[in-house]
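Undergrad: What follows is a single structure, and I will ask about it in a moment.
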Amino acid sequence: MRRDNLRNMKKHIYVYSPSGAVRDKVAFRRGVRRLQAMGCEVEVDEAALASHQRFAGDDATRLAAIGRAAASGADVALISRGGYGISRILPDVPYKKVARSIDRGTHFVGLSDFTAFQMALLARTGATTWAGPSLCEGFGFRDTADAADAHGGGRRLEPDEIMLACFEDLLLGQGEGAGWRQPGPRRSDVAAAGHLPASRLGGRAQLRIEDALLWGGNLAMLCSLLGTPFMPAVQGGILFLEDIAEHPYRIERMLVQLLHAGVLARQKAVVLGQFTDYKLVPHDRGYKLQSVVNWLSSHIRVPVLTGLPFGHVPTKVLLPVGARCDLLVEGRDVLLVWGHAG
């Protein structure tokens with residue numbers, strides 16, 4: 001029923017490239033086709049496949065693409081991919097133009113390097129954007145099954161159903177929140193943690209946070225903005241974090257930076273999403289991601305929640321960055337609600 005509604009409503013998606021150059025053109029085209037198959041009208045920016053060094057065009061080209069996305073009148077302005085490139089153009093982003101387009105109904109969606117854009121826009125205008133998929137990563141991914149499909153066999157994979165449902169809800173204006181269950185701790189983790197809040201340990205204690213600003217995204221990008229005018233000064237917010245290809249000690253080092261800068265203590269909750277694609281080594285001697293969570297929980301009085309289905313993973317929810325949200329925790333179950341936020 002939801003997809004029938006999309007086909008009837010012909011939602012407009014504008015695809016642009018503000019960060020890294022698109023190297024996998026096959027994934028790009030596959031992503032466009034999949035969105036079209038959902039019933040969306042897909043408009044591709046004139047410079048979406050531009051390339052300059054590692055970037056999707058030089059700085060002026062990518063800034064112009066952001067401007068065209070803001071002027072497109074689309075329901076969703078979707079980045080083609082992340083990578084790197086937005087940080088260096090932050091001083092010249094047309095923030096007021098982007099904010100006006102958001103007021104008119106355009107949802108800017110992306111993740112990874114896009115976090116820099118989201119944080120700067122939030123700091124400058126207070127506008128809400130969406131942490132969610134990119135075109136290539138969410139809709140155009142390549143799988144080994146694709147090669148078999150070319151010869152009439154194999155298994156055809158589609159975008160993750162949870163991610164797809166959340167994206168469709170955004171297009172239809174139906175999304176109200178996200179829920180998940182925190183991973184249960186192992187006995188050794190509980191012993192090491194000592195005084196973790198009961199909400200982390202699966203107990204009966206409840207946590208309720210109301211009307212707090214949701215913000216965050218990629219941990220490395222967030223840390224790169226510290227000390228700049230593009231870092232939002234959020235007090236009493238819900239900070240969510242994720243990252244990819246960062247060893248746990250590097251994740252801890254970035255969290256320590258946020259801790260020493262006073263960012264974490266100013267929040268009402270820290271929510272950890274998915275941290276993927278790293279490799280532990282013998283030198284770690286038992287040090288792992290859970291060690292980081294335990295250490296962080298013992299050094300701040302702010303609740304630390306885990307398991308948020310968001311990051312560089314197929315199964316992810318879409319999150320309204322800059323919206324006022326409620327956070328409810330009962331045992332290991334967590335509910336993040338923004339249905340009342342416009």
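Undergrad: May I ask you to list the residues in region 263-283 that are within 17 Å of Gly217 (Cα to Cα) and β-branched (Val, Ile, Thr)?
TA: Scanning region 263-283 gives Val263, Val270, Val271, Thr276.
Undergrad: Further, regarding this structure: Considering only region 321-342, state which residues are in contact with a helix residue (DSSP H, G or I) (Cβ under 9 Å, 6 or more places away or on another chain) and more than 22 Å from Val292 (Cβ to Cβ).
TA: Val321, Gly322, Glu330, Gly331
Undergrad: Are any residues in region 62-112 touching an Asp or Glu at 6+ places or on another chain (Cβ under 9 Å), surrounded by fewer than 17 Cβ atoms within 10 Å (Cβ to Cβ) and part of a loop (DSSP other than H, G, I, E, B), and if so, which ones?
TA: The answer is Tyr84, Gly105.
Undergrad: Within region 284-294, take every residue that is surrounded by fewer than 20 Cβ atoms within 10 Å (Cβ to Cβ) and not in a loop (DSSP other than H, G, I, E, B) and give me the one that is nearest to the chain's Cα centre (by Cα).
TA: Leu289
Undergrad: Take the residues in region 268-283 that are part of a loop (DSSP other than H, G, I, E, B) and out of contact with any Lys or Arg (no Cβ under 7 Å at 6 or more places or on another chain); name whichever of them is nearest to Leu335 (Cα to Cα).
TA: Lys268
Undergrad: Need the failing condition index for Ala21 against (1) over 18 Å from His107 (Cα atoms); (2) touching a helix residue (DSSP H, G or I) at 6+ places or on another chain (Cβ under 7 Å); (3) among the small types (Gly, Ala, Ser), just the number.
TA: Looking at each condition in turn, Ala21 falls short on (2).
Undergrad: If you don't mind, there's one more thing I want to ask. Is it fair to say Val313 is at pLDDT 95 or above, in contact with a strand residue (DSSP E or B) (Cβ under 8 Å, 6 or more places away or on another chain), open to solvent by less than 20 Å² (accessible area, probe 1.4 Å) and β-branched (Val, Ile, Thr)?
TA: In short, no.
Undergrad: One residue is enough: does region 157-171 have a residue meeting the conditions surrounded by fewer than 15 Cβ atoms within 10 Å (Cβ to Cβ) and modelled with pLDDT under 95?
TA: yes
Undergrad: Continuing with the same structure: Tell me whether region 21-28 contains one or more residues that are part of a loop (DSSP other than H, G, I, E, B), β-branched (Val, Ile, Thr), in contact (Cβ under 8 Å) with a residue 12 or more places away in the chain and open to solvent by less than 10 Å² (accessible area, probe 1.4 Å).
TA: Scanning region 21-28 turns up at least one residue that is part of a loop (DSSP other than H, G, I, E, B), β-branched (Val, Ile, Thr), in contact (Cβ under 8 Å) with a residue 12 or more places away in the chain and open to solvent by less than 10 Å² (accessible area, probe 1.4 Å).
Undergrad: Restrict the check to region 295-310 and report whether at least one residue is open to solvent by less than 30 Å² (accessible area, probe 1.4 Å), free of Cβ contacts under 8 Å to residues at least 40 places away in the same chain and closer than 30 Å to Val76 by Cβ.
TA: no
Undergrad: What are the residues in region 41-54 that are open to solvent by 10 Å² or more (accessible area, probe 1.4 Å) and either of a type outside the set (Ser, Thr, Tyr) or assigned to a helix (DSSP H, G or I) (or both), if any?
TA: Hits for region 41-54 are Glu41, Val42, Glu43, Val44, Glu46, Ala47, Leu49, Ala50, His52, Gln53, Arg54.
Undergrad: Just to verify a result, which residue in region 295-304, among those that are outside any loop (DSSP other than H, G, I, E, B) and out of contact with any Leu (no Cβ under 7 Å at 6 or more places or on another chain), is nearest to Leu255 (Cα to Cα)?
TA: Trp295
Undergrad: Lys10 versus (1) open to solvent by less than 30 Å² (accessible area, probe 1.4 Å); (2) in contact with a strand residue (DSSP E or B) (Cβ under 9 Å, 6 or more places away or on another chain); (3) under 22 Å from Asp103 (Cα atoms): which is the lone unmet condition?
TA: (1)
The values are calculated or read from the model by the stated rules, or taken from the named source; none is laboratory data. What you see is a predicted model; the values in this text were computed from it and never measured. Positions of Cβ are backbone-derived with ideal geometry, glycine not excepted, and every protein chain shown enters the neighbour counts. In case anyone asks, the SASA skips ligands and DNA or RNA and just uses the protein heavy atoms, side chains included. Shrake-Rupley method; radii C 1.70, N 1.55, O 1.52, S 1.80 Å.
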